[in-house]
Amino acid sequence: MIIPMALLVITLTWALVRIAPGNFYTQEKKLPPAVEENIKKKYGLDKPWYQQYGIMMWNVVRGDFGSSLKYEGQTVNEIIWRHFPYSATIGILAYVLALLIGLTAGVIASLKQNSIFDYGSTSLAMLGLSVPNFVLGPLLVLVFSFWLYWLPPARWSLAGLVLPVVTLAAIYAAYIARLTRAGMLEVMRSDYIRTARAKGLDEKTVLLRHGLRGGIIPVVSFTGPALAALLAGTVVVEKVFAIPGLGNIFIQSVLNRDEPLVLGIVAFLSILIMVFNLLVDISYGFLDPRIRYE
Amino acid sequence: MSETNGTILSVNGLKTYFQTEDGVVKAVDGITFELKKGETLGIVGESGSGKSVTNLSVMRLIPEPPGKIVAGDIVFSGIDVRALSIDEVRKIRGKRIAMIFQDPMTSLNPFLKISTQLMEVTRLHLGHTKDEAYAHALKMLKLVGIPDAGTRLDEYPHQFSGGMRQRVMIAMALSCDPELLIADEPTTALDVTIQAQILELIKDLKARMGTSVILITHDLGVVAGMTDKIIVMYAGKVFEQASTKELFATPANPYTKGLLKSVPDPAHEQGKELYQIPGLPPDVAHLPPGCPFAERCDRATDLCRQQYPPFVEINADHHSLCHFAREVYAESVAEQNKQEL
């Protein structure tokens, strides 16, 4: 399922890049026709579109996206692997942070429903959801770098990672907290929780053994695609904190009309997202025996 | 324990209220009953009459807030349950008082194996090791008549049919050999044929293990063959209380008479339209000052609508909450005599 889907995504991306007006060699000044002719020949653009598509697809299937048109001499694969680790590092850290904060806050809020903690954490979650990260990022830099001098605004170091990771994690933590709270509230009202209590189990066991699994199922469906999105890099956070990640490169490649690079990154991201969705589906099976394959 | 005089559970003036946006819902409003060792008590009433809340109160399982036991005594085997700390209550739950719930589809945890759910009770209360608990769980499944118990033990609830799940619930409830079993509508969600099997199973196990049972139901047919005495509840109150035999033969409350008339009797009433009590149960958040049943009662007078009825003692074991309890009782006795002639 993954491979045909990926090929479809690549086809659509290729078509969109082609349909869009302009091309990678266009400058403000019009090129002489002879030069344009030469460029077209060099990159195979003089062939009919189906032939170009066929060549592109054949290369993609072999995992060869060719060289970047903008950064000459560098293959697309090299560029992706050079920039992906930056995105992946802050992505994974943000993911872990978001899960830790979101799950804990959600579970506690659901246990102490309508308490001050519940109101506090749900309002905070609402805030986290409504403040966009292009506001939160600069705000954190302002407070922690320029006022308090605690953390660097941009540097690839442990301290330098704190602000981008927090910025990136905020919205996910908020969302996970809300999902967890709602899921837990629903589950803790169910009949089998009453059964567990009637058996004489203490609240901790009731919560951890009987409640948590059902309660976090909505979180699991969210976290798969979320992890993929986090790994893929987020343009805003990478821009704000000057991180040379994939998100940054992706936007650049689109602006440069760097077709091989665009296709390469899209293919990479789509496979990433699909793999994580697959992982989510598999983990459902572990959580819920009812959807396990016979 | 000698001072308990063979009484396993006595509930006195129990009041459990729920705080809602609509006002205070008096789900249980002054319930008194007593259960002797080895006896079976039936609690009958329509949905929302407070039968389940009464028993959840005994187990201290009322979700708080919004619910709260506001008054009354619950004495189980000489222990004042209301005075216990929650940790002490947990030592009674599942071990000395066990419960079976209405819907076996939702009462078992869908995420855990049957074995896990059975084993955790005995490991907690009887201090079983893993192996002991597993062996005990297997024994219990066999006891409740689950075929091929060995393989089924490691399956999940969704792999069981409704009747089999209720058997699992019963196995779980009886794991620690409890003194009191509370069965809250144990057969309501099951097919009629399965209902009979489950009731038979409870009856059989009760006889074998000497457990006292409280059977909650809205089906008079269910309690008839199972119970020693019956409480009829309506709007959070005890409307009538009598031995099963006497309640069926000579009811002293118009509500009970209505319920009895609503039971289909194909042998004598074929072709006739089945009787039903008119109207709906009242909103317990806004009860009228008089008798809560007055609106639906065919013999209600102005007295009934204005004044709360007394709890009339017909004889030592038979009480009825009605202004006209004695008259209703006399009518029932007369009808009974006529039938016997």
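The values are calculated or read from the model by the stated rules, or taken from the named source; none is laboratory data. All figures in this text were calculated on a predicted structure; none of them were measured in a lab. In this analysis, Cβ positions are derived from the backbone assuming ideal geometry, glycine residues included, and neighbour counts consider all displayed protein chains. In case anyone asks, the SASA skips ligands and DNA or RNA and just uses the protein heavy atoms, side chains included. Shrake-Rupley method; radii C 1.70, N 1.55, O 1.52, S 1.80 Å.
Things worth noting here:
- On the beta carbon distance between residue B:88 and residue A:100, with R0 = 41 Å, the FRET formula returns roughly 0.70.
- Accessible surface of residue A:148 - all protein chains present, 1.4 Å probe, nearest 10 Å²: 70 Å²
- Panel note: contact residues of region B:67-95 (accessible area lowered by at least 20 Å² against the chain on its own; 1.4 Å probe) correspond to B:90, B:93.
- Calculated FRET efficiency, residue A:2 to residue A:52, Cβ-Cβ distance, R0 = 22 Å: about 0.30 to the nearest 0.05.
- Per residue, the protein assembly as shown exposes 49 Å² of solvent-accessible protein surface, assessed with a 1.4 angstrom probe and all protein chains in place.
- Accessible surface of chain A, 1.4 Å probe, proportion on carbon and sulfur as whole %: 69 percent
- Reachable aspartates and glutamates, given that their alpha-carbon falls under 12 Å from the alpha-carbon of residue B:130 and they are not under 8 places away in the same chain: B:120
- FRET efficiency estimate (nearest 0.05) - Cβ-Cβ, residue B:209 to residue B:135, R0 25 angstrom: 0.85
- Total accessible surface hidden between A and B, rounded to 100 Å², 1.4 Å probe: 2200 Å²
- Among beta bridges that DSSP assigns inside chain B, antiparallel share in %, nearest 5: 65 percent
- Annotation: lysines with alpha-carbon distance below 17 angstrom to residue A:30 (same-chain offsets under eight excluded): A:40.
- Measuring between alpha carbons in the structure, the pairs from B:91/B:203; B:139/B:245; A:199/B:237; A:199/B:261; A:112/B:15; B:51/B:338 lying more than 32 angstrom apart are B:139/B:245; A:199/B:261; B:51/B:338.
- Gap separating the Cα centres of region B:172-234 and region A:208-225, nearest whole Å: 36 Å
- The modelled label-to-label distance for the pair residue A:252/residue A:119, using points 7 Å beyond Cα in the direction of Cβ, is 5.0 nm.
- Longest to shortest principal axis, alpha-carbon extents of the protein assembly as shown, angstrom: 122, 57, 54
- Expressed as a whole percent, the accessible area of region B:184-340 that falls on carbon and sulfur atoms is 52 (1.4 Å probe).
- Listed peptides A:46-53, B:150-157, B:57-64 by packing density, highest first (mean Cβ within 10 Å): B:57-64, B:150-157, A:46-53
- Where trypsin sites (Lys or Arg not before Pro) fall in DSSP loop in region A:199-239, at most 10 other Cβ within 10 Å: none
- Between residue A:279 and residue A:204, the modelled label-to-label distance comes to 3.1 nm, taking each label 7 Å out from Cα in the direction of the beta carbon.
- The label-point distance for residue B:283 and residue B:19, in a model that sets each label 7 Å from Cα toward Cβ, rounds to 2.1 nm.
- Among the GluC sites (Glu not before Pro) in region A:1-102, those located in a DSSP loop and surrounded by at most 12 other Cβ atoms within 10 Å of their own Cβ are A:28, A:72.
- A loss of 30 Å² or more of accessible area (1.4 Å probe, protein heavy atoms, ligands and nucleic acids excluded) relative to the isolated chain is seen in these residues of region A:177-196: A:191, A:192, A:194, A:195.
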